[in-house]
Amino acid sequence: MKKKMLFAITMIVATTSFSQANKFNSISDTKDRSLFIDVHDLTPGKVSFSDVMEAHKKDLATEGKYDVSFIKFWVDEQKGKVYCLSSAKDAASITKTHAEAHGLLPSGIYKVTDGLRADEIAGGQLFIDIHELGPGKVTAAAVAEAHKKDLQAQKKYGVNFLNYWVDESAGKIYCLSQAPDSSAIIKTHKEAHGLLPAAILKVKQGE
């Protein structure tokens, strides 16, 4: 009986994980849609995760009108930064959704390609580190190679890189990871390839 119950639980977990992965792929990997990260620069210390979650709910209630699919968001409460990951046909659709939903418009919207995703570790602190290499000075292929080196070095510093996104035209890279602190991320990047981030944000994640 115990073996049957364990098998059933395992199948439920596996099915849920597969369905979540398929949902992500179905809204991002299509010819007429692209992934975007939009950035909101709000007042430092005046942004709460709960407030952003309420705004996000309004986005979800409005997104269908403009054919946008908001996937996840990250909040740095201390620095007043919000990053939203979405799938849409263009950046204008994202701006229209935010404008109608709550009026909080992004300071920038970046069309990105998706990197290699990894599983989260329960209880790990999330960070987003941002690399600014300059327009036209980075390719998705080069970042993929650098990411492989990060994965080889991460265990030494207790880091777990979860994903990354690249905007080739703007020369921006966004890395999402779990780490004990920001210095562990810097040490990993430095040892792996020497490309240090311009900023590292300690964030909370919502979806």
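General observations
- Kyte-Doolittle at least -1.0, axis length at least 27 Å by Cα - qualifying DSSP helices, the chain: 2-28
- Think of each Lys and Arg Cβ as +1 and each Asp and Glu Cβ as -1; about the Cα centre, that makes the dipole of region 142-181 roughly 200 debye.
- Remark: the S48-L105 segment gains 18.8 nm on full extension, using 0.36 nm per residue and subtracting the alpha carbon distance.
- Cα lying deepest toward the dipole's positive end in the chain, options I186, S48, V112, charges on Cβ: I186
- Kirkwood hydrodynamic radius of the chain, Cα pairs, Å: 18.1 Å
- Listed residue pairs exceeding 30 Å between alpha carbons, taken from K96/K172; K58/K79; K81/K148; K58/K187; K96/K187: K58/K187; K96/K187
- Simple spin-label estimate for A199 and I130 in nanometres, 7 Å along Cα-Cβ: 0.3 nm
- Cα centre as origin, Lys/Arg/Asp/Glu Cβ charges: the chain dipole, Debye: 680 debye
Computed from the coordinates by the stated procedures, all read-outs in this text should not be read as laboratory data. The structure displayed is predicted, hence computed values, not measured ones. Neighbour counts run over all protein chains shown; Cβ positions are idealised from the backbone, glycine included.
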